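In what follows, a single structure is set out as structure tokens and then discussed.
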Amino acid sequence: MNSSSADRRLYMLSRHLAGTISNEGSGISSSPTSAGNSVFGNVVRAPEDPILGVTVAYNKDPSPVKLNLGVGAYRTEEGKPLVLNVVRKAEHLLVNDRSRIKEYLPIVGLADFNKLSAKLILGSDSPAIQGNRVTTVQCLSGTGSLRVGAEFLAKHYYQRTIYIPNPTWGNHTKIFTLGGLTVKTYRYYDPVTRGLNIQGLLEDLNSAPSGSIVLLHACAHNPTGVDPTFDQWGQIRQLIRSKNLLPFFDSAYQGFASGNLDKDAESVRMFVSDGGECFIAQSYAKNMGLYGERVGALSIVCRNADVASRVESQLKLVIRPMYSSPPIHGASIVATILKDRNLYNEWTLELKAMADRIITMRKQLFDALSARGTPGNWTHIIKQIGMFTFTGLNTKQVAFMTKEFHIYMTSDGRISMAGLSSRTVPHLADAIHAAVTTVG
Ligand code: PLA
């Protein structure tokens, strides 16, 4: 970032996020009395993160019936976090391999991991990969991949505006703004139909300036659980290409939407098969359950091999001063699984089982609300896709459910279906029923 207005914008956003701007333009708050002896005495307490802060509040609640449906983290029927069997096996292999060392990885990460990640999202027979048009760098999970992509774009791309769907994952705005881009939104969700506003989406992208970047959720849109149909993806692709917009896919849930890795990559593959360029941020947090290992990848599909290699040389300059090189363990687990046919097959089965359990939870919650005669139409619970249900409950109803039922969820009414089990469905249905019938 070198223009002073952009610097100012970033400064204002960072102070806003830190909660230090009470009225516009006031800048740094100064309170000599509260400063005491510390040079940080004027630091204002920041609000908790809207998603991760839900877990903080949940942890403080002593109630035995409390339920955390905030963050999208998979739980078993027993309500426990899950380490996949196939991950345990891969770790076992890694630990017992005495030839393994702990040297720094290259700036771009583990070569095998990068190659296999590109194949996973683009398909093993992808002409873009065969033509060496794709550069892939290992990053710190989905978030890190988005951030590296944003910083690269802010430095090397002529358009600095990115359009993100309304609504979207709350961290997108912060990642892209602090990465040096200007964030605008396009219409996505229609609260009336609880479906996709395809008309509004196409209109907004049609009026975006040529070259603008467009963030697309590859599948299992967060928080709405509403994805375009295959035909609608076709319309979106045509418009994006005809207006020379640059697609940036966020793929955080490959395999979680349908239970099938190839099906959930269809949108991305459709864009890549037309020969055009695009960005893809991949995360293994959910589909391999590697949340805290922070494993992900950024792939940039370019027009030709020469551009791809120059782009990669510049990605290194983004990464080196940010964290130098990525961690070795999580990427080694992924590479071990992806390159072994048996482990790979086992992974697909475990992934399908997770996706199926989420779908079962949708049915059970829908049935429980129907049985209670809860007012309203709840069919969206079974229609929506992926980890989350965007319930339509308002902020007051959510606060009521937390206070009276110890159910924790984000204030926009999103619930993580992956955090639910057959045992807890009745409690959630009781809470929703009470909220809908007693809170306006
Ligand atoms: N992109 C989307 C659309 C996401 O929903 C998330 C995670 C990420 C990227 C980043 O994940 P990663 O960095 O861990 O790979 N969203 C979670 C967690 C599951 C979170 O907010 O960090 C959520 O509860 O929305």
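Laid out as a table, the results:
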| item | result |
| --- | --- |
| Given (1) more than 18 Å from the chain's Cα centre (by Cα); (2) aliphatic (A, V, I, L, M); (3) within 16 Å of the ligand (Cβ to nearest atom), number of the condition Leu349 does not satisfy | (3) |
| Residue ID - farthest from Met322 (Cα to Cα), chosen from residues in the stretch 70-99 that are free of Cβ contacts under 8 Å to residues at least 40 places away in the same chain and assigned to a loop (DSSP other than H, G, I, E, B) | Lys80 |
| Boolean, Asn96 is over 22 Å from the mean Cα position of the chain (by Cα) and in the same structural domain as Cys278 (by TED's automatic domain parsing) | no |
| All positions within the stretch 393-429 that are in a strand (DSSP E or B) and either over 19 Å from Arg362 (Cα atoms) or of a type outside the set (Val, Ile, Thr) (or both) | Tyr408, Arg414, Ser416 |
| Enumeration of residues in the stretch 43-62 that are near the ligand (Cβ under 10 Å from one of its atoms) and not in a helix (DSSP H, G or I) | Asp49, Pro50, Ile51 |
| Candidate set: the stretch 128-164, residues that are over 25 Å from Tyr323 (Cα atoms), touching a Lys or Arg at 6+ places or on another chain (Cβ under 8 Å) and touching a residue at least 40 places away in the same chain (Cβ under 8 Å); chosen: the one farthest from the ligand (Cβ to nearest atom) | Arg133 |
| Test: Ser324 is assigned by TED's automatic domain parsing to the domain that holds Tyr74 and out of contact with any Ser or Thr (no Cβ under 7 Å at 6 or more places or on another chain) | no |
| Pairs, first farther than 12 Å from Gly70 by Cβ and away from the ligand (no atom under 16 Å from the Cβ) in the stretch 408-431, second of a type in the set (S, T, N, Q) and part of a loop (DSSP other than H, G, I, E, B), C-beta under 8 Å, six or more apart | Ser421/Thr76; Ala429/Thr374 |
| Which numbered condition Gly386 fails, given (1) of a type outside the set (Phe, Trp, Tyr); (2) more than 16 Å from the ligand (Cβ to nearest atom); (3) over 18 Å from Ile407 (Cβ atoms) | (2) |
| Residue list for the stretch 279-311, restricted to those being basic (Lys, Arg) and within 11 Å of the ligand (Cβ to nearest atom) | Lys286, Arg294 |
| Qualifying positions in the stretch 166-225 - more than 14 Å from the ligand (Cβ to nearest atom), touching a residue at least 12 places away in the same chain (Cβ under 8 Å) and among the aliphatic types (A, V, I, L, M) | Leu178, Leu181, Val183, Leu196, Ile198, Leu201, Leu202, Leu205, Ala208, Ile213, Val214 |
| Matching option when the condition is charged (D, E, K, R) and within 30 Å of Ala111 (Cα to Cα), among Glu404, Glu346 | Glu346 |
| Positions within the stretch 189-220 being outside any strand (DSSP E or B), within 21 Å of the chain's Cα centre (by Cα) and among the charged types (D, E, K, R), in sequence order | Arg194 |
| Residue within the stretch 294-317 that is farther than 27 Å from Tyr157 by Cβ and among the small types (Gly, Ala, Ser) present | no |
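The values are calculated or read from the model by the stated rules, or taken from the named source; none is laboratory data. On a predicted model such as this, the values are computed, not experimentally measured, just so you know. Cβ coordinates were reconstructed from backbone atoms using ideal geometry, including for glycine residues, and neighbour counts include every protein chain displayed.
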